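Worksheet: the structure to be examined is printed underneath.
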């Protein structure tokens with residue numbers, strides 16, 4: 001016999017009762033009360049720490065038990081083994097700590113490995129027409145924000161375009177890519193890779209290059225960013241909520257926030273270390289196939305960092321917008337890695 005408080009579900013009146021199990025019947029008795037219920041229709045509230053548990057009765061009444069453990073005696077099968085296991089974890093500080101640690105590990109694993117995988121799948125699933133639209137819109141925004149018409153002589157533009165044409169010829173899937181020249185005082189010597197294969201180089205970058213092979217190295221690096229969808233993947237990884245919706249629903253065309261975030265992401269130009277390594281490796285491989293020394297790539301990276309330090313006074317601190325290659329100590333690590341034959345990091 002267990003003690004409890006009975007509520008009829010129609011008023012707030014409390015009725016002290018005794019509760020017992022009689023075969024397949026649950027009997028509740030008290031002053032003026034003699035009730036019986038089929039135990040199969042009685043639903044116990046789940047255990048939660050040391051709080052009292054109640055029995056939800058089929059007629060809408062509720063019986064709160066003074067002893068929470070009494071539910072297990074009255075209804076041994078209630079909740080099953082899983083409910084008992086969860087209750088045990090809730091009551092144990094050690095097990096709760098283990099559960100917290102496992103949760104943190106799971107979240108870290110998803111952020112570290114799951115999100116990049118999903119971002120890659122979504123980026124490569126974006127329809128070509130949508131990617132083309134993103135590239136065009138992004139270019140229009142950057143033209144309003146940061147770019148001015150190029151001041152390079154037409155002859156020099158044609159020389160650089162010829163280098164880019166050769167690069168496209170060597171990479172069949174880059175046939176639709178295009179090269180644009182822009183002047184940009186805020187960005188200085190720089191290069192950007194936009195979705196859909198738009199590569200932008202600034203006048204200052206062309207002036208800074210001491211040899212055409214240095215330009216080829218940077219163009220190969222930027223083409224790699226496009227081919228591997230690095231800009232799209234970077235934005236997607238930074239927008240986990242939108243990434244999950246796109247991955248689970250397959251509705252890629254509704255990702256308007258992605259297009260809106262691209263201009264800022266591109267001029268900020270903080271690709272992950274993995275993305276930069278991939279683009280560096282692709283550029284170095286292309287130079288090797290063309291018989292060009294990888295030292296040309298290292299030289300232009302070093303010169304770009306020097307230009308960055310001259311413009312901003314130091315290589316330390318926050319990287320200004322768009323200084324794609326002037327990434328403080330990271331640039332020196334990249335140069336060392338390229339010259340050493342790209343050893344694993």
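So which of 67, 59 is outside any helix (DSSP H, G or I), outside the structural domain of residue 213 (by TED's automatic domain parsing) and modelled with pLDDT under 80?
Exactly one of 67, 59 is outside any helix (DSSP H, G or I), outside the structural domain of residue 213 (by TED's automatic domain parsing) and modelled with pLDDT under 80, namely 67.
Any idea which of 185, 162 is in the same structural domain as residue 279 (by TED's automatic domain parsing) and either assigned to a helix (DSSP H, G or I) or under 22 Å from residue 280 (Cα atoms) (or both)?
Sole residue among the options that is in the same structural domain as residue 279 (by TED's automatic domain parsing) and either assigned to a helix (DSSP H, G or I) or under 22 Å from residue 280 (Cα atoms) (or both): 162.
Can you find, within segment 141-157, the residue that is farthest from the chain's Cα centre (by Cα) among those that are surrounded by 12 or more Cβ atoms within 10 Å (Cβ to Cβ) and part of a helix (DSSP H, G or I)?
The qualifying residue farthest from the chain's Cα centre (by Cα) is 156.
Would you check if there is a residue in segment 46-53 being loosely packed, with under 12 Cβ neighbours inside 10 Å and touching a residue at least 24 places away in the same chain (Cβ under 8 Å)?
yes
Restricting attention to segment 110-159, which residues are outside the structural domain of residue 178 (by TED's automatic domain parsing) and touching a strand residue (DSSP E or B) at 6+ places or on another chain (Cβ under 9 Å)?
Residues satisfying the conditions do not exist here.
The values are calculated or read from the model by the stated rules, or taken from the named source; none is laboratory data. In this text, all values refer to a predicted model and were calculated from it rather than measured experimentally. All Cβ positions, even for glycine, are placed from backbone atoms using ideal geometry, and neighbour counts span all protein chains on display.
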